[in-house]
Amino acid sequence: MAYIPGFFMIEPSAEQSKHRAAGLFVRKEKKFDVDIFREQLKEIRLETRRNSAALIEQLKKTLAECDGIETTSAKDAKEAASLIKAFAGDREIASINKSNVVINEIRPELHRVGLKTYLRYYGEFKNFEGDKFQKKIEDYWSLPNIHDKHLVESFDIKRRIPITSPSESKDYIAILGVNAISAEDGSVYFLQHMSNISKDIEQAYKVVVVLSIEKILKNSIDAVNHTRAMGIFGLESILLDLIPHDVEKFDFDSLPLVKNEKAKEIMFIIYDNGRSDLLNTPYQDLFLCIDCRACARQCPVGQHIPFEKDMVYSPKNYLLGSLQGWLHPFEFCLHCGRCEVECPVNIDIPSLIWRSQFEYYERHPRGLKKRLLDDPELLAKLGCLSAPISNWSVKNPFVKLLTEIFVGINRDANLPTFHRETFRDWFKGAKNV
């Protein structure tokens, strides 16, 4: 018998916290153990990685039995955008959620095919003063470390969105990247902090659901735990890019209502974009990622790199973009290791970034600027040989500007003072005195 899969919103909730506190009070319930939850989450992700191909096939069979659902597959972002454009018809306005898959990978191709995308999430902020907020939460060290205080957020299933009957809609298309989907019954789960996703599912004339293959889980229990984990480990990191951009805003509430004579049209896209190829490479641990972006929370360069405002940033997202070919290797990484410490499934991101850099420059010869910056010892020797002229140069504003343009060293950087006499020469002289 045909059926419609459920669309479930998992949202912040006080209910679990209340029950947990009450249980502790009467000594019938233990504290929520974050470490045990991490272990359970990693086992879910490992099982998902081991059985990815089988889960994809199971999901296809499940969705084939669903009434009113069009299911297709896209090997890359270009194909996904073409499918979405054909499904949208003559509609040009699209609402997207803050899915890194949709924003980072598919959005540029959506613009290429003529769709205008907006983040309805930002439209949910009323009387939001971005400048004042930016001064309060400017860098990762301003974020509260609530888990160290033994505080854990609660996330519960708050609502199921009905899509079975005809209704009044607004004339736009919604493109939503899922947080998890159950291969067993096709239930879809979204982590929602505002009300943008539920509004899009209820109001959009047509809905596209993007199913990135690593988000296809065995059953609804695993999918719920996966989505809850995204909220628990990623709540602090959402503050880092909370600032709305006017170009991404659109007043969807002002659009006129259009009467639907039939049930809402929904298309599911099973989306790969090179992910399955990673399963047989040293980068297979990226398949464990739940996209909570906890790795961005302690990244010391995440708020300062120039492209951060155009993407859902995290060290893992940047590394994946590099492997997919739309970003250069992560040259800004300091290899401090904080991303690995924060990761709830212990992905060794720094080592993978190192590997991606080595592999990239094996295929692409380094330019002069790259060779100079990769060999600071050579720069130091040149500075010592040309001292004191080199010391005058590094303080001259015009020379510093040229150095920034052609070498890549910021004009405000404090460079060392060079001496013709090396420490080794000085030490030998001191011994002979």
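Things to note:
- When Leu235, Leu320 are arranged by Cβ crowding within 10 Å, least crowded first, meaning fewest neighbours, the order is Leu235, Leu320.
- Once the Cα-Cα distance is subtracted from the 0.36 nm per residue extended length, the Arg424 to Val258 segment shows a gain of 51.7 nm.
- 19 Å Cα-Cα threshold exceeded, pairs from Lys116/Lys249; Lys75/Lys170; Lys98/Lys249; Lys60/Lys215; Lys60/Lys206: Lys75/Lys170; Lys60/Lys206
- Relative packing of peptides 43-50, 167-174 - highest average C-beta neighbours within 10 Å first: 167-174, 43-50
- Ranked list, fewest to most other Cβ atoms within 10 Å of each Cβ, for His419, His364: His364, His419
- Computing FRET efficiency as 1/(1 + (r/R0)^6) for Glu168 and Arg411, where r is the C-beta to C-beta distance and R0 is 51 Å, gives about 0.30.
- As a proxy for reagent exposure, Thr62, Thr422 were ordered by neighbouring Cβ count within 10 angstrom, fewest first; the result is Thr422, Thr62.
- Förster-model FRET efficiency, 25 Å R0, Leu378 and Leu327, C-beta, rounded to 0.05: 0.35
All of the numbers you see were taken from the coordinates with simple rules; none came from a lab. As the structure is a computational prediction, the values presented were derived from the model and not from experiment. Note: ideal-geometry Cβ built from the backbone for every residue, glycine included; neighbour counts use all protein chains shown.
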